[in-house]
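Undergrad: Below are the structure tokens for one structure; questions will follow.
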Amino acid sequence: QVQLVESGGGLVQAGGSLKLSCTASGRLFNINTMGWYRQAPGKQRELVAIITSGGSTNYADSVKGRFTISRDNAKNTVYLQMNSLKSEDTGVYYCKAEQLLMPYWGQGTQVTVSS
């Protein structure tokens with residue numbers, strides 16, 4: 001079992017920045033991809049950014065150039081630096097880890113961007 005705990009969400013004005021953190025604990029062998037997803041009210045959960053254990057990244061088009069995902073394997077932590085936030089970035093942000101193709105999710109952290 002893998003447990004994920006997110007932190008760093010909050011309320012920010014448009015144009016501002018937030019940094020999310022997600023720390024994994026438990027049985028942490030063979031965790032390859034970690035990432036961030038978000039879900040806005042009334043919408044489906046969507047990919048924001050993912051990063052492999054080797055450091056390869058992939059971003060949703062809507063956040064390219066504004067968000068940066070990074071990972072500290074020694075701390076079992078993945079980060080999401082969010083800059084130039086827009087109101088459409090509002091939602092619950094979830095951390096996800098994949099272990100041998102089994103997905104694990106965090107409880108989510110709320111990000112609210114006021115315009």
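The values are calculated or read from the model by the stated rules, or taken from the named source; none is laboratory data. Not measured: the values here are computed from a predicted model. In this analysis, Cβ positions are derived from the backbone assuming ideal geometry, glycine residues included, and neighbour counts consider all displayed protein chains. Surface areas here come from the heavy atoms of the whole protein model, side chains and all, with no ligands, DNA or RNA. Shrake-Rupley method; radii C 1.70, N 1.55, O 1.52, S 1.80 Å.
Undergrad: When segment 59-110 is examined, which residues are found to be of a type outside the set (V, I, T), surrounded by 18 or more Cβ atoms within 10 Å (Cβ to Cβ) and part of a helix (DSSP H, G or I)?
TA: If the condition is that a residue be of a type outside the set (V, I, T), surrounded by 18 or more Cβ atoms within 10 Å (Cβ to Cβ) and part of a helix (DSSP H, G or I), then D89 is the only one that fits.
Undergrad: State whether one or more residues within segment 45-54 are within 12 Å of the chain's Cα centre (by Cα) and among the small types (G, A, S).
TA: Yes: one or more hits.
Undergrad: Do you know which residues across segment 28-44 are closer than 18 Å to V113 by Cβ and either touching a strand residue (DSSP E or B) at 6+ places or on another chain (Cβ under 7 Å) or surrounded by 15 or more Cβ atoms within 10 Å (Cβ to Cβ) (or both)?
TA: Matches in segment 28-44: W36, Y37, R38, Q39, A40.
Undergrad: Considering each of V48, V12 in turn, give the residue that is within 18 Å of T109 (Cα to Cα), in contact with a helix residue (DSSP H, G or I) (Cβ under 8 Å, 6 or more places away or on another chain) and among the β-branched types (V, I, T).
TA: V48
Undergrad: A further question follows. Among the residues of segment 54-78, write down those that are of a type in the set (A, V, I, L, M, F, W, C) and touching a Gly at 6+ places or on another chain (Cβ under 8 Å).
TA: Correct list: I69, V78.
Undergrad: Return the total of residues in segment 13-25 being part of a strand (DSSP E or B) and open to solvent by 20 Å² or more (accessible area, probe 1.4 Å).
TA: Looking only at that region, the number is 6.
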